[in-house]
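See structure below.
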Amino acid sequence: MRIRSLDVGLESVSRWQLEDEVHLPDDCRVSPNYLPSYRALDSILYPPSLDDRLPDLLQPRNVDPQLMEPSILQETRAGLAAIFHRLAIGTRDPADRLVFRSAGAFLDDEVNRDAEVRAALALLLRA
């Protein structure tokens, strides 16, 4: 009895091409390989759930990319806090005064927390 060679493996490595999926005869016309990115039937059969829609509704559509830089964000928070404090002083209605004061205090806390985080990061980077 003859024993076959045990040297069996891959002969070549190739990538699967889109043209490899065409199994029609050569003499027929082949439709283009195009699938639209939006399919109406999929949106009907699989409507987005609340978990899918909620982040899109909460995130603003047009945010200035410079606003997300830490230094500019901190200046914006401090400026808004000052505006809310001025509005709290200038209003006569006690309910509005409370709302403006609360918004200013919240933004002041955010600025203070940001400063604490920066100080903690500086200490960690020193070590």
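The values are calculated or read from the model by the stated rules, or taken from the named source; none is laboratory data. Predicted model, so just to flag it, every value in this text is computed and none were measured. Counting neighbours? That spans all protein chains shown, and the Cβs are built from the backbone with ideal geometry, glycine included. Quick note on the areas: whole protein, heavy atoms, side chains included, nothing else; ligands and nucleic acids left out. Shrake-Rupley method; radii C 1.70, N 1.55, O 1.52, S 1.80 Å.
Every residue in region 116-127 that is more than 25 Å from the chain's Cα centre (by Cα) and not acidic (Asp, Glu), please.
ALA119, ALA120, ALA122, LEU123, LEU124, LEU125, ARG126, ALA127
Restricted to region 99-127, and to residues that are open to solvent by 100 Å² or more (accessible area, probe 1.4 Å) and not charged (D, E, K, R), which residue is modelled with the highest pLDDT?
Residue satisfying both the conditions and the ranking: PHE106.
Here is a yes/no grid of residues against (1) open to solvent by less than 60 Å² (accessible area, probe 1.4 Å); (2) of a type outside the set (A, V, I, L, M); (3) without any contact (Cβ under 8 Å) to a residue 40 or more places away in the chain:
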site	(1), (2), (3)
ASP52	no, yes, yes
LEU58	no, no, yes
GLU69	no, yes, yes
ALA78	yes, no, yes
LEU87	no, no, yes
PRO94	no, yes, yes
ARG97	no, yes, yes
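Would you pick out the residues in region 60-77 that are among the basic types (Lys, Arg) and part of a helix (DSSP H, G or I)?
Residue satisfying the conditions is ARG77 alone.
May I ask you to list the residues in region 99-127 that are β-branched (Val, Ile, Thr) and either in contact (Cβ under 8 Å) with a residue 24 or more places away in the chain or farther than 16 Å from ARG77 by Cβ (or both)?
If the condition is that a residue be β-branched (Val, Ile, Thr) and either in contact (Cβ under 8 Å) with a residue 24 or more places away in the chain or farther than 16 Å from ARG77 by Cβ (or both), then VAL99, VAL111 are the ones that fit.
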